[in-house]
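Take a look at the structure below.
The values are calculated or read from the model by the stated rules, or taken from the named source; none is laboratory data. Worth saying up front: this structure is predicted, and the values here are computed from it rather than measured. All Cβ positions, glycine included, derive from the backbone under ideal geometry; neighbour counts span all protein chains shown. With ligands, DNA and RNA removed, areas are computed over all heavy atoms of the protein, side chains included. Shrake-Rupley method; radii C 1.70, N 1.55, O 1.52, S 1.80 Å.
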Amino acid sequence: MATAAKEAENTIGLEEIHTERQEPPKGQKTFTVEDAVETIGFGRFHIALFLIMGSTGVAEAMEIMLIAVVSPLIRCEWQLQDWQVALVTTMVFFGYMVFSIVLGLLADRYGRWKILLLSFLWAAYFSLLTSFAPSYIWFVFLRAMVGGGVSGHAQGLIIKTEFLPTKYRGYMLPLSQVFWLAGSLLIIGLASVVNPTIGWRWLIRIASIPGILLILVFKFIPESARYNVSTGNVAAALATLQRIAKMNRAAMPEGVLREPAKERSGRFKDLLHPKYLRTTLQIWIIWLGIAFAYYGVILASAELLERDLVCGSTAPTAQDPGDDSEESRSPCHCHMFGPAAYQTMIISTVGEIALNPLNILGINFLGRRLSLCITMGCTALFFLLLNICTSSAGMIGFLFMLRALVSANFNTIYIYTAEVYPTTMRALGMGTSGSLCRVGAMVAPFISQVLMSASFIGALCLFSSVCVVCAISAFTLPIETKGRALQ
């Protein structure tokens, strides 16, 4: 026993000596990654980072929104019922949910950059395979795999967050929504041209091109310096910071980059630690509710417009001039999109940046919590307003505002989640939140396309109630991250 105690004392002594050797000489200046990021400031590197990492949103939007413009065609080709069409979207988000957790853990262990590259390769590969799907079952499986790959695109946001100075995060991250909007509009525009001519299979192949091109430019973006320091790779972190300073024509802080005590990678139970338990649970509720509302609006657009036409006219529901055919009246409800339908989709999609300036002001002046509470409350109100019988233009206006509000909700919760967790568990926090987000997205198709047909007001009340719960959760979040340095 005495020998064991002596060995233990020697071990502790060696550990203390080893720790002391890692400390810089007394009196020497030191700085952290946070100090370096703030000192270097915003410059050319961050513009390149914004364009390249922001463009991941183009590829993600095209892959996610693809289902909305392809559904009518696969419904006709394979004679699908409503629940089968809804299942396609659900399985895409099921793949997203499962892989979000896995890729989040891998990113905290092996790095954000590697997982981002892997996710793009994965998504592009299975997206191309989808265009050759011989049956409905294969189509569902392959799109679920695409959803899994797309879930890793969130690492691009984390890399941006970890390189941006504090005062710029609240401005630059919401602007990334422009890329999602560009991807959404691009896939709708392509669908209006490609679907009626060469078919949906070619649309899928063309939609995979942006993701493939982005893979080629990822080499210009380095691994997160915060991640490298958190894993003990101080030399790589210092080289990255020096490169950024050179590109921005700025000076590095004086002294030596300080290496903190080496920390283990984040684990799932860390999210449920008493320090973060309440924050984590409320964030999960908000993510789930925002996705439920966002994809509910997108998938329910056709049903909402149809109800508007019934309210605004005593005549039977009008058919789009571009789809007056036997197929549009077939028992399988085969309904091909015409020019008017694509126009409505474009108008409502543009709404996603309508509130961006106000959203940015709210995030930076009111704070993340209050800003999110206000936009979630307004989302709940506009869901209820959809039940008002109005003109076609009025209904499109409501959809426009809903898309603007749910987009603002996503902007704010993305920023808050990336800021509230420390580096060692930031990717895991984003990954698990993204998974809960996809639970909401998985449920949304069946509410929008099944429950709404049975009880229109019941579906709207459900959407509105969820948004109210999210607004309360946002207002009572225990931590405000406005102006707070990343941990």
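One residue is enough: does segment 377-399 have a residue meeting the conditions under 27 Å from R226 (Cβ atoms) and out of contact with any strand residue (DSSP E or B) (no Cβ under 9 Å at 6 or more places or on another chain)? No, segment 377-399 contains no residue that is under 27 Å from R226 (Cβ atoms) and out of contact with any strand residue (DSSP E or B) (no Cβ under 9 Å at 6 or more places or on another chain). When the test is whether a residue is open to solvent by less than 30 Å² (accessible area, probe 1.4 Å) and aliphatic (A, V, I, L, M), L142 passes it.
For segment 464-485, taking the residues that are surrounded by fewer than 16 Cβ atoms within 10 Å (Cβ to Cβ) and among the charged types (D, E, K, R), the one that is modelled with the highest pLDDT is identified as E480.
A count restricted to segment 41-87 and to residues that are closer than 25 Å to K114 by Cα, touching a residue at least 12 places away in the same chain (Cβ under 8 Å) and assigned to a helix (DSSP H, G or I) stands at 18.
Would you confirm whether or not segment 113-133 contains a residue that is outside any helix (DSSP H, G or I) and of a type in the set (A, V, I, L, M)? Within segment 113-133 (the criterion being outside any helix (DSSP H, G or I) and of a type in the set (A, V, I, L, M)), the answer is yes, since at least one residue qualifies. Search segment 220-246 for residues being in contact with an Asp or Glu (Cβ under 8 Å, 6 or more places away or on another chain) and free of Cβ contacts under 8 Å to residues at least 24 places away in the same chain, and hand back the single one that is farthest from G54 (Cα to Cα). Here the residue is A236. Cβ-Cβ distances below 7 Å connect the following pairs, each with a first residue in segment 172-195 that is outside the structural domain of I415 (by the TED database), a second residue that is assigned to a loop (DSSP other than H, G, I, E, B), and a separation of six or more residues or different chains: M172/L164; F179/S55. Of all residues in segment 88-103, those that are closer than 16 Å to S127 by Cα and in a helix (DSSP H, G or I) have Cβ atoms under 8 Å from Cβ atoms of residues that are open to solvent by 50 Å² or more (accessible area, probe 1.4 Å) and not hydroxyl-bearing (S, T, Y), 6 or more apart or on another chain, in M91/F141. With respect to the conditions (1) open to solvent by less than 50 Å² (accessible area, probe 1.4 Å); (2) in contact with a strand residue (DSSP E or B) (Cβ under 7 Å, 6 or more places away or on another chain); (3) of a type outside the set (G, A, S); (4) under 22 Å from D108 (Cα atoms), V150 falls short on a single one, namely (2).
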